[in-house]
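Student: A single structure is presented below for examination.
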Amino acid sequence: MIEIEHLTRRYGDRTVVRDVSLTVGRGQIAALVGTSGSGKTTLLRMINRLVQPTAGRVLIDGTDTATVPAHLLRRRIGYAIQGHGLFPHRTVAQNIATVPRLLGWDAARIRARVDELLDLFQLPPVEFRDRLPHQLSGGQQQRVGVSRALAARPDLLLMDEPFGALDPVIRASAQADLRRIQRELGTTLVIVTHDIDEAMALGDRIGVMDQGLLLQYAPPRAILTDPATPFVARLIGTDQRPFHLLSLSRVADLATPGTADGPPVAPDASLRDALALCLWSGRGALPVQGGGVVTLEALRRAARPGGAGADP
Amino acid sequence: MIGRAALGLAAAVLAAFLLAPERFAPLLRPLAANGAPPIYTQTSLLGLTLWHLALVAAAVAASTVVAVGLGILVTRPGWRDVLPLARTVTSVGQTFPPVAVLALAVPLMGFGSGPTLLALFLYGLLPIFENTLAGLTGLPPAVTEAARGMGMTPAQRLVQVELPLALPVILAGVRLSAVIALSTATIGSTVAARTLGEVIIAGLLSSNTAFVVQGGVVVGTLALLIHAGFVWLERRLAPGGPSDRR
């Protein structure tokens, strides 16, 4: 668990982060969104003390981070950044081994961990272990960058626009991979992004920042249906609200008993996908794999604030 | 490919000449007027070449240690104020004529290799210092950021990330200094340092063009070969260099 308490950063008379407090529960994902210059990256970098706070403090599992030497603190916190920052003179395996080596793991343990991570990210170790970063595609470099951040099994992972340099198709699968791996490992994750779709797709909670202030810190549904300020509403974009809302719930949440014709939809598909399928095939109801139906009527209700998806 | 063959040929001819210079006498005889000897035999040419190389190597090694050290120092936080001073010192070292350094150093150090070493050392500082600076400040920001974020100490960042990545640029500076020192070292023979300059000076004093040519050509060929060796090394060490373009 990570608790940020009244964190402030000033450069001269410019306040970049202004009295921000928030808590991220163990195993949760907090997504910080905002325009460039909103202070979200500075806030992130104060967590591992790449930037020293002017005031306030950060507690990780109850320990004040200011009491730990900065470089030792950083070895316990995973860190992945835009443009991956892989060391160009080191192989994939050496890059991933960076933090375990700093921590003095023995060679056999490091090797096993590197292979385990490469497997986890679907990069066959035999093929990728000894390559240099420039011999990888952008998506592969990004996966190696995240593997490196996870190498020493940190409980906390910080990511700064980790998918910013990827094209949309690769980005979507990288996000899905991250979500899967984060759930599997139970890592607490703080991710900075300027992409509201990315924040919606990943965040258990979303923090919206503007001009150094944390305007709202709430679950995605609350950000959509109850924006704290006009800026938050503008950032989400009114035209996409119903679709964001639908993408937050699964078909299984909305299924009712009954039967319908046509090819079925998976129970873990999002309501947004189900709506798209209804519209595309011109059907008023879809059968759900394993029983039940989801109706266009129910989808329309769920797309409104206070709709069916709001129950859980 | 042609370049590599030419370099190989140059190296072979140079080695043949140094091991048995008298075999090249017919080639040089037309340059020696009035039946003067075409080949310098006062001292062994091979010995002079080795002395010459040793002197250059010692001077460039000293320049490298000092200039790289200075470059590292002024790029550490808290030491940036020293940068203007370091720039001035290395620039003066480059602009002060080596001949003048010899003239000033002889009364203090006596004749021999000492003054030449000093002159070459000072002359070689600037290219290495400037390249060290360029190499260490031109690193990709994402890479240095990642090194910090991973929890490397400043010393670990320097040794494991910054220096290896700056190495090709630093080596380019060392190459410049080495090539300049190789030709400049010849003037050391005016103050009794044992260098190939001895052959050239003997040729000038006795109006024997053959001596001047053989001294000059040996130094020039050495410079070419050393230059090529450094370029090869720089390419090898550059990340993403030809080592994996097989």
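The values are calculated or read from the model by the stated rules, or taken from the named source; none is laboratory data. Please read these numbers as outputs of a predicted model, since none were measured by experiment. A quick note on method: Cβ atoms are made from the backbone with ideal geometry, for glycine too, and the neighbour counts reach across all protein chains shown. Side chains are part of the model used for accessible areas, which takes the heavy atoms of the whole protein and leaves out ligands, DNA and RNA. Shrake-Rupley method; radii C 1.70, N 1.55, O 1.52, S 1.80 Å.
Student: Tell me, what % of the accessible area of segment B:42-241 is carbon and sulfur with a 1.4 angstrom probe? Each step should come with its number before you reach the end.
Tutor: On the way: 6330 of 8640 Å².
C and S atoms contribute 73 percent here.
Student: Stretch residue A:107-residue A:297 to full length: gain in nm at 0.36 nm per residue minus the Cα-Cα span?
Tutor: Additional length available on full extension: 62.4 nm.
Student: Also, quick follow-up: Just add up the charged neighbours of residue A:78: K/R +1, D/E -1, any other residue whose Cβ is under 11 Å from the Cβ of residue A:78.
Tutor: +4
Student: Nothing charged except the Cβ atoms of Lys and Arg (+1) and of Asp and Glu (-1): what's the magnitude of the dipole of the protein assembly as shown about its Cα centre? Round to the nearest 20 debye. Walk me through the numbers before you get to the answer.
Tutor: Working: 50 positive and 39 negative charges, 135 e Å.
Taking the Cα centre of the protein assembly as shown as origin, the dipole is about 640 debye.
Student: Which whole number gives the average count of other chain Cβ atoms within 10 Å of the Cβ atoms across peptide A:78-87? Kindly include the intermediate steps, with their values, before the conclusion.
Tutor: Details: counts 2, 6, 2, 6, 2, 6, 3, 11, 4, 10.
Averaged over the peptide's residues, the number is 5.
Student: Also, quick follow-up: Whenever you get a sec, line up A:280, A:105, B:51 from highest to lowest accessible area (probe 1.4 Å, protein heavy atoms).
Tutor: A:280, B:51, A:105
Student: Using protein chains only and a probe of 1.4 angstrom, how many square angstrom of residue B:232 are accessible, to the nearest 10?
Tutor: My reading of the accessible area for residue B:232 is about 150 Å².
Student: If you don't mind, another one. At what distance in nm do the modelled label points of residue A:54 and residue A:116 sit from each other, each positioned 7 Å from its Cα along Cα→Cβ?
Tutor: 4.3
Student: With +1 on each Lys and Arg Cβ and -1 on each Asp and Glu Cβ, and nothing else charged, work out how big the dipole of segment A:27-150 is about its Cα centre, in Debye to the nearest 20.
Tutor: Rounded to the nearest 20 debye, it is 300 debye.
Student: Excluding ligands, DNA and RNA, what is the solvent-accessible area per residue of the protein assembly as shown at a probe of 1.4 Å, expressed in Å²?
Tutor: Per residue, the protein assembly as shown has 46 Å² of solvent-accessible surface.
Student: If you average the C-alpha positions of segment B:130-149 and of segment A:211-238 separately, how far apart do those two centres end up, in angstrom?
Tutor: Using only Cα atoms, the two centres lie 38 Å from each other.
Student: In addition: Only four residue types carry charge here, +1 at the Cβ of Lys and Arg and -1 at the Cβ of Asp and Glu. Report the dipole size of segment B:42-241 about the Cα centre in Debye, rounded to the nearest 20.
Tutor: 240
Student: Under the definition of Cα pairs under 8 Å and six or more residues apart, what whole-number percent is the relative contact order of chain A?
Tutor: It rounds to 19 percent for chain A.
Student: In addition: Would you calculate the separation in nanometres between label points at residue B:76 and residue B:13, each defined as 7 Å from the Cα along the Cα-to-beta-carbon direction?
Tutor: Each label point is offset 7 Å from its Cα along the Cβ direction, giving 4.9 nm.
Student: For residue A:70 and residue B:109, what is the calculated FRET efficiency with R₀ set at 56 Å and r taken between the beta-carbons, to the nearest 0.05? Each step should come with its number before you reach the end.
Tutor: On the way: r = 49 Å, r/R0 = 0.87.
Efficiency for this residue pair is about 0.70.
Student: Could you grab the relative contact order for chain B? Cα pairs under 8 Å, six or more apart, rounded to a whole percent. Mind showing how you got there, number by number?
Tutor: Values: 294 pairs, mean separation 59.5, N = 246.
The normalised contact order for chain B reaches 24 percent.
Student: Could you look at chain A and say what percent of its accessible area is carbon and sulfur, using a 1.4 Å probe and all protein chains?
Tutor: On the way: 7170 of 13820 Å².
Roughly 52 percent of what the probe reaches on chain A is carbon or sulfur.
Student: Let me ask you something else. Given a 1.4 Å probe and the protein chains all in place, what does the accessible area of residue A:204 round to, in Å² to the nearest 10?
Tutor: Accessible surface of residue A:204 is approximately 40 Å².
Student: Name the shape class, rounded, prolate or oblate, that the alpha-carbon gyration tensor gives for chain B, where a ≥ b ≥ c are the square roots of its eigenvalues, rounded holds for a/c under 1.5, and otherwise prolate holds if a/b is larger than b/c and oblate otherwise.
Tutor: oblate
Student: A follow-up question, please. Run the 1.4 Å probe and let me know the accessible area of residue A:167, rounded to the nearest 10 Å².
Tutor: Approximately 70 Å² of residue A:167 is accessible to the 1.4 Å probe.
Student: Using heavy-atom solvent-accessible surface (probe 1.4 Å) with all chains present, what is the largest-first order of B:14, A:72?
Tutor: From most exposed to least exposed: A:72, B:14.
Student: With a Förster radius of 30 Å, plug the Cβ-Cβ distance of residue A:243 and residue A:15 into 1/(1 + (r/R0)^6) and report the FRET value to the nearest 0.05.
Tutor: On the way: r = 36 Å, r/R0 = 1.19.
The value I calculate is 0.25.
Student: Assuming R0 = 25 Å, can you tell me the calculated FRET efficiency for the pair residue B:134 and residue B:61, based on Cβ-Cβ distance, to the nearest 0.05?
Tutor: Step by step, r from the Cβ atoms, then E = 0.75.
Student: Placing +1 on the Cβ of each Lys and Arg and -1 on the Cβ of each Asp and Glu in the protein assembly as shown, which of A:223, B:51, A:291 has its Cα farthest towards the positive end of the resulting dipole?
Tutor: After comparing all options, I get B:51.
Student: To the nearest 10 degrees, how steep is helix A:107-120 against the longest Cα principal axis of chain A, on a 0 to 90 scale?
Tutor: Computed tilt is about 20 degrees.
Student: Toward the positive end of the charge dipole of segment A:3-114, about the Cα centre and with charges on Cβ (Lys, Arg +1; Asp, Glu -1), which of A:81, A:104, A:46 goes farthest?
Tutor: Of the options given, the answer is A:104.
Student: Sticking with this one: Starting from the residue with the highest accessible area, list A:74, B:235 in decreasing order, probe 1.4 Å.
Tutor: B:235, A:74
Student: Which is farthest toward the positive dipole end of the protein assembly as shown among B:201, A:94, B:142, measuring Cα position about the Cα centre, with Cβ charges +1 (Lys, Arg) and -1 (Asp, Glu)?
Tutor: B:201
Student: Please compute the modelled spin-label separation between residue A:127 and residue B:43, points set 7 Å along Cα→Cβ, answer in nm with one decimal.
Tutor: Each label point is offset 7 Å from its Cα along the Cβ direction, giving 6.3 nm.
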